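The values are calculated or read from the model by the stated rules, or taken from the named source; none is laboratory data. Quick caveat, the model's predicted, so the values are computed rather than measured. With ideal geometry, Cβ positions are generated from the backbone for all residues, glycine too; neighbour counts draw on all protein chains shown. Note: areas computed on protein heavy atoms with side chains; ligands, DNA, RNA excluded. Shrake-Rupley method; radii C 1.70, N 1.55, O 1.52, S 1.80 Å.
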Amino acid sequence: MTSETSPSVSGDEASDPKPSPEDQLASLALSETDGPASGSPRENNRHNEIESAEEEVQTNSAAPGLAVVENSGEAVRRGRIGGVLWARTNSEPEADGPESPSSSGYAGERGSSSASSAGSGIYEIAEVRDDEVVDGVSDSQAAWVPGKRHVDEDDASISWRKRKKHYFILSNSGKPIYSRHGDEHKLAGFSATLQAIISFVENGGDRVKLVRAGKHQVVFLVKGPIYLVCISCTEEPYESLRMQLELIYGQMLLILTKSVNRCFEKNPKFDMTPLLGGTDVVFSSLIHSFSWNPATFLHAYTCLPLAYATRQAAGAILQDVADSGVLFAILMCKHKVISLVGAQKASLHPDDILLLSNFVMASESFRTSESFSPICLPRYNPMAFLYAYVHYFDIDTYLMLLTTSSEAFYHLKDCRIRIEMVLLKSSVLSEIQRSMLDGGMRVEELPLDPLPRSGSFSPHLGQHTLPTDSPDGFRELYGGIGGPAGLWHFIYRSIFLDQYVSSEFSAPISSPRQQKRLYRAYQKLYASMHERGIGPHKTQFRRDENYVLLCWVTQDFELYAAFDPLADKALAIKTCNRVCQWVKDVENEIFLLGASPFSW
Amino acid sequence: MGLASASTASGAPEGMQLCIFDLRRGQNEGQELDKILFFYPADLPFSAQFSVIGLSEGLITFTRIFSPEAACDAIEAERHSHVFCEAEPDIWMVMIVEKSKEYEAMWRTDALRKVLKEVHSLFVMFHGSIRAMLDKDPGGVLARSHLYPFIMDYLGAFEKRSPFDECCWDFLVGKKLLMPSFRDCLKERGTVQMLTVGREAAIEVQSLVRVLESCAGTLPCHSLILFQDLLVSSTLSPDDTVNLFAYAVLRLTPRALSSGASSWSYLRKGTTSNVSSSSILSHSGAVPEQFHSLHDNSPAGDDSSHVIRPLKQGKWSKGKDGFLATDIWGAEPSTGVSATPTVFLRQTEERMFLCAHQHKSLTLIFLIPVSSVLNGEQGVSTVKQQVLESVSLKLLKVEEKLSKGWGGENAYHVSGYRYLLVDGDRNVSRASPPGKVITLSKESLLALSKLREEVDSEKSRAQWDSAGHEKELEVSIRAKNNAWVIARVTRGKELYMVLEKANETLLYASDAVEKFSNRYCSGAFSLN
């Protein structure tokens, strides 16, 4: 009995004749674990209860062997999707010869994740580095190491409590499903506390959204039987944190579909962790993107800059393929879209692109060989699996072909071969590589005067907007202080295209820390402009000790621009107008036009 | 039937709950009731009260896991906001407001928290701290019997009649407590509003203050002078000034005296049965056992258990000698003379007699240490007479000067602007007159309220991140309805503004702020 009480507080309401709020929130006494004020016998008693509960949970989960867990997880998935899949286990008997697809990313990771929790040497290094950098001091994309951290921590650890951002997924019975920091199993008691808070408020006929305490915000999101919680002491606004939880939920659906809810209908105490086994990297990389990828708050995707003809060539071959029964064909380079094409009337939501590309990029196994994996696009259809054929052309460039048929592997493989041939022949792949090296729009290159437009923005695409032919010399002109009028950076989002373009980071926004700070400032500006109920506002000017930020929202586009905090208002406004003009002049190259599957 | 039944009938979906509890108390099963020091509405079933306290306590404990230095500030749920305030160590006040569409219930948490802080500060000013009361009477009866009437009287100020009341006073049924909403975003509670005086008048005021100080002889006397509802001068510390100013505006100024009377009349219209000062008291007719010891309607000078209700409405009146009198503090049994009110000063922790004198629009409050007056009421009245004799001439003169220079209730209206100016260091604010603010559209007010919420959180972050480092911020937003909504924070000063009929360009809006700043804020918000 006692073992069950704490992790599922709602459960013991039925058994308890007179449930008092004290009992329901008993587990909230967690903080007493090492608080100085844990004097009263009652508090200690609560604490013991939790501890014993935690132990119980741990032994419970240890009891069925790993293999059993995996199998049951597999069974659930297969049962639901009603077909035999290629992927998900390493010991796939159908795998024949070198040509066959490997298992999908997270299945491949499964073994290694249990190894890593035992604490391999590499992991420890990663941890140390993370301690120093990820939580705000000087983390960078380069320094970021995928995967789960701090597995040795739990809610009793001071270090764990001091982490800047926690994300939790739990079930409505209080069972932990995912935690960004620390070992889920050790966090069973904590998870039960979160569940207790949610259900306590729910019992009062309400739904808790946010708890504030000093710098901290605790954000709750309830999705049927799945509860998501974020605990953050960053400056991000509530709306942003809630959207992040929505994306995490979406990422979970991408892996499992919404039909996982049925497992909870059958068995409220259903343990979902095995189903997500090995997907830690997917979630941690998504969470990492919350601190650098504007797509996570703009709900738009970005394209790799390419000459119009090059992108056309890529789009044409993808379209060819789409006509042969492929639902979506997406060619991407890292998180940037090169081209994408959908079957008739099928449209792809930018959030789905984000989640799918995150899933693919985070899972190491996709890189090593072509793969065929069931995935769900939560915005397209949260109930159903699609099948994704994934192939990397080079280290950054990959093709994703999505279909509804689980039998389509060989067909998609043929498609890929055709695409690859065309891409090689039309030198699209080398153009991609070049674009990667050259980067995108730079504030230093903002055309100074309204000369006749060349229709091209960067030197590597042929015509250059500058009178001089030495862009480097031009950059020196500004001496690392950004573009004209103190322009440091901008993001332009086209509303009709669902796409955005972000200028390259350049001095003085050069360190990862500064980039993250600017990212957060944009995020706040976005939330402020799109305030629910009253937004969107039309214009916003914001000056603080770090920046002058200007935002301009029209029916067609949104512009976010960052300037030197001492920038002159009038000049900044003029510069924003020029940025908009510049973007329009080069939209052929920075955006994917026309060929996309959106139904307008 | 009186008011009580009418309001109880409509009281079912309560718009607001307010509780005070002591985290140290009621630690054992079955003793939860002991935690609760105050609960509104008092007739809420105990189970419901416990669930409010249980959740609050649970979240205070929970948030301390991550934020030991600052526990739970607020809970936002779909249908309610819970606002927390740790008024004294372990003594928590929690206000829960319902988000109902009917009353456009959108607010800033900080504005609500200021309500909690204000009622607590006033309570401490009159009764001392809650902890001290609990130390004195560990059973809690003393604290509860003081908190209950005090807060109920205070809440009376938020009692709004139904929207229909504007045209028909008889609709008292939809009565609710209306807490500050987005419509109050151009106001700042917990600040003082000052009268701007010319040089000549300032000199007169100065000399009046000096005379006041001197006539008290060796007594360390303090004074506070108000003209209408505006502060003219204060010799008190900023905190004490804010508290006493708030009390004066609530109960002592000419407007407070007359509105107390007039609201009395229409609130009581046709009902003679229930004469408690505020109908809110009768509203919660069913007072639970813990409050039974309280005699809310007992006449003055009852006995030792008499609870003083300094915020009771309609209890102050102006005597022939110009002094404001009240029987709230009871009377001296021997003489039948009303006892002089006393207050605690926060700064000196001293108990002071509060004497208020009014001449036309001028209210003069002076405070004399209780310890320095030897023979009780007689001594006080001697001092009062002395003061009156020595200042009466000056008083007339000052009143005349101020009245002459007074521009009326729209004196601080600046055409084209709707603004709020807050000097956080001095606890002073000035704003567009309410009659002008109501001309703003709902959209503009909502946008400003949201912007203020953003600024609130930026400010509190700056406070946590770097103590002593003051936030510098400038935000100008052109809202959907084309109004400019502006916030400026610099060197402890804040300026909030709505420009509705302004040009579309940002430069125009900035220019307007610049002009305002140069003209009315001595350039505090100017960029150059």
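Please go through the stretch A:188-232 and pick out each residue that is of a type in the set (A, V, I, L, M) and either in contact with a Ser or Thr (Cβ under 7 Å, 6 or more places away or on another chain) or within 9 Å of chain B (Cβ to nearest Cβ) (or both).
Filtering the stretch A:188-232 down to residues of a type in the set (A, V, I, L, M) leaves A:188, A:192, A:194, A:196-198, A:201, A:208, A:210-211, A:213, A:218-219, A:221-222, A:226, A:228-229, A:231.
A:Ala192, A:Leu194, A:Ala196, A:Ile197, A:Val201, A:Val208, A:Leu210, A:Val211, A:Ala213, A:Val218, A:Ile226, A:Ile231 - these are the residues of the stretch A:188-232 that are of a type in the set (A, V, I, L, M) and either in contact with a Ser or Thr (Cβ under 7 Å, 6 or more places away or on another chain) or within 9 Å of chain B (Cβ to nearest Cβ) (or both).
Mind listing whichever residues of the stretch A:535-552 are of a type outside the set (Gly, Ala, Ser) and open to solvent by less than 20 Å² (accessible area, probe 1.4 Å)?
Step one: filter the stretch A:535-552 for residues of a type outside the set (Gly, Ala, Ser), giving A:536-552.
A:His537, A:Gln540, A:Phe541, A:Arg542, A:Tyr547, A:Val548, A:Leu549, A:Leu550, A:Cys551 - these are the residues of the stretch A:535-552 that are of a type outside the set (Gly, Ala, Ser) and open to solvent by less than 20 Å² (accessible area, probe 1.4 Å).
Please state which one of A:Thr575, A:Thr554 is in contact with a strand residue (DSSP E or B) (Cβ under 6 Å, 6 or more places away or on another chain) and at negative phi. Outline the logic, then answer.
Working: A:Thr554 fails: in contact with a strand residue (DSSP E or B) (Cβ under 6 Å, 6 or more places away or on another chain).
That would be A:Thr575, the only listed residue that is in contact with a strand residue (DSSP E or B) (Cβ under 6 Å, 6 or more places away or on another chain) and at negative phi.
A quick yes/no check of all residues on (1) under 17 Å from the mean Cα position of the chain (by Cα); (2) in contact (Cβ under 8 Å) with a residue 40 or more places away in the chain; (3) facing another protein chain (nearest Cβ under 8 Å):
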residue	(1), (2), (3)
B:Phe50	no, no, yes
B:Ile65	no, no, yes
B:Val119	yes, no, no
B:Lys136	no, no, no
B:Ala143	no, yes, no
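Among A:Gln499, A:Gln581, A:Gln515, which is open to solvent by 10 Å² or more (accessible area, probe 1.4 Å), farther than 25 Å from B:Ser457 by Cα and either touching a helix residue (DSSP H, G or I) at 6+ places or on another chain (Cβ under 9 Å) or not β-branched (Val, Ile, Thr) (or both)?
Of A:Gln499, A:Gln581, A:Gln515, the one residue that is open to solvent by 10 Å² or more (accessible area, probe 1.4 Å), farther than 25 Å from B:Ser457 by Cα and either touching a helix residue (DSSP H, G or I) at 6+ places or on another chain (Cβ under 9 Å) or not β-branched (Val, Ile, Thr) (or both) is A:Gln581.
Restricting attention to the stretch A:422-460, report how many residues are closer than 25 Å to A:Met332 by Cα, at pLDDT 90 or above and not hydrophobic (A, V, I, L, M, F, W, C). Even if it seems obvious, please write down each step before you answer.
Filtering the stretch A:422-460 for residues closer than 25 Å to A:Met332 by Cα gives A:422-443, A:455-460.
From what's left, at pLDDT 90 or above: A:422-443.
Cutting the leftovers down to not hydrophobic (A, V, I, L, M, F, W, C) gives us A:425-427, A:430-431, A:433-435, A:438-440, A:442.
Looking only at that region, the number is 12.
In the stretch B:85-94, what count of residues is obtained for those that are touching a Lys or Arg at 6+ places or on another chain (Cβ under 8 Å) and either open to solvent by less than 20 Å² (accessible area, probe 1.4 Å) or part of a strand (DSSP E or B) (or both)?
Just the residues of the stretch B:85-94 that are touching a Lys or Arg at 6+ places or on another chain (Cβ under 8 Å), to begin with: B:85, B:87-91.
Now restrict to residues that are either open to solvent by less than 20 Å² (accessible area, probe 1.4 Å) or part of a strand (DSSP E or B) (or both): B:85, B:87-88, B:91.
Number satisfying all stated conditions: 4.
Within the stretch A:543-573, track down each residue that is closer than 24 Å to B:Glu470 by Cβ and more than 12 Å from every other protein chain (Cβ to nearest Cβ).
A:Ala562, A:Phe563, A:Asp564
Could you list all residues from the stretch B:135-146 that are buried (at least 22 other Cβ atoms within 10 Å of the Cβ) and within 17 Å of B:Pro89 (Cβ to Cβ)?
B:Ala143, the sole residue that qualifies.
Please enumerate the residues belonging to the stretch A:533-563 that are among the charged types (D, E, K, R), touching a residue at least 40 places away in the same chain (Cβ under 8 Å) and closer than 27 Å to B:Met106 by Cβ.
Initial filter on the stretch A:533-563 (among the charged types (D, E, K, R)): A:538, A:542-545, A:556, A:558.
Narrowing further to those that are touching a residue at least 40 places away in the same chain (Cβ under 8 Å): A:556, A:558.
Hit for the stretch A:533-563 is A:Glu558, nothing else.
Return yes or no: is B:Arg79 open to solvent by 40 Å² or more (accessible area, probe 1.4 Å), within 7 Å of chain A (Cβ to nearest Cβ) and farther than 15 Å from A:Val208 by Cβ? Give the steps one after another, and end with the answer.
On the way: open to solvent by 40 Å² or more (accessible area, probe 1.4 Å): yes; within 7 Å of chain A (Cβ to nearest Cβ): yes; farther than 15 Å from A:Val208 by Cβ: no.
When the stated conditions are applied, B:Arg79 does not pass them.
Restricting attention to the stretch A:203-259, which residues are of a type in the set (Val, Ile, Thr) and either free of Cβ contacts under 8 Å to residues at least 24 places away in the same chain or assigned to a loop (DSSP other than H, G, I, E, B) (or both)?
Of the residues in the stretch A:203-259, the ones of a type in the set (Val, Ile, Thr) are A:208, A:211, A:218-219, A:222, A:226, A:229, A:231, A:234, A:248, A:255, A:257.
Correct list: A:Val208, A:Val211, A:Val218, A:Thr234, A:Thr257.
Failed condition for A:Asp271, given (1) more than 30 Å from A:Leu386 (Cα to Cα); (2) outside any helix (DSSP H, G or I); (3) open to solvent by 10 Å² or more (accessible area, probe 1.4 Å), with all others met?
Failed condition: (1).
Yes/no per residue for (1) within 10 Å of chain A (Cβ to nearest Cβ); (2) free of Cβ contacts under 8 Å to residues at least 60 places away in the same chain; (3) out of contact with any strand residue (DSSP E or B) (no Cβ under 7 Å at 6 or more places or on another chain); (4) open to solvent by less than 20 Å² (accessible area, probe 1.4 Å):
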position	(1), (2), (3), (4)
B:Leu440	no, no, no, yes
B:Ala462	yes, yes, yes, yes
B:Asp465	yes, yes, yes, no
B:Ile477	yes, yes, no, yes
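Here are some residues: A:Tyr249, A:Tyr167. Which one is more than 8 Å from chain B (Cβ to nearest Cβ) and over 25 Å from B:Glu458 (Cβ atoms)?
Values: A:Tyr167 fails: over 25 Å from B:Glu458 (Cβ atoms).
Just a single option satisfies the conditions, and that option is A:Tyr249.
Starting from residues that are part of a loop (DSSP other than H, G, I, E, B) and free of Cβ contacts under 8 Å to residues at least 12 places away in the same chain, keep the ones in the stretch B:503-513 and report whichever is farthest from A:Arg543 (Cα to Cα).
Only one residue fits best here, namely B:Asn503.
Going through B:Ala111, B:Ala71 one at a time, which residue ends up being within 22 Å of B:Val455 (Cα to Cα), away from every other protein chain (no Cβ under 12 Å) and crowded, with 21+ Cβ neighbours inside 10 Å? Even if it seems obvious, please write down each step before you answer.
Values: B:Ala71 fails: away from every other protein chain (no Cβ under 12 Å).
Selected residue: B:Ala111, the only one of B:Ala111, B:Ala71 that is within 22 Å of B:Val455 (Cα to Cα), away from every other protein chain (no Cβ under 12 Å) and crowded, with 21+ Cβ neighbours inside 10 Å.
What is the residue count in the stretch A:350-384 for residues that are without any contact (Cβ under 8 Å) to a residue 60 or more places away in the chain, open to solvent by 10 Å² or more (accessible area, probe 1.4 Å) and either in a helix (DSSP H, G or I) or closer than 14 Å to A:Tyr301 by Cβ (or both)?
Adding up the residues that qualify gives 1.
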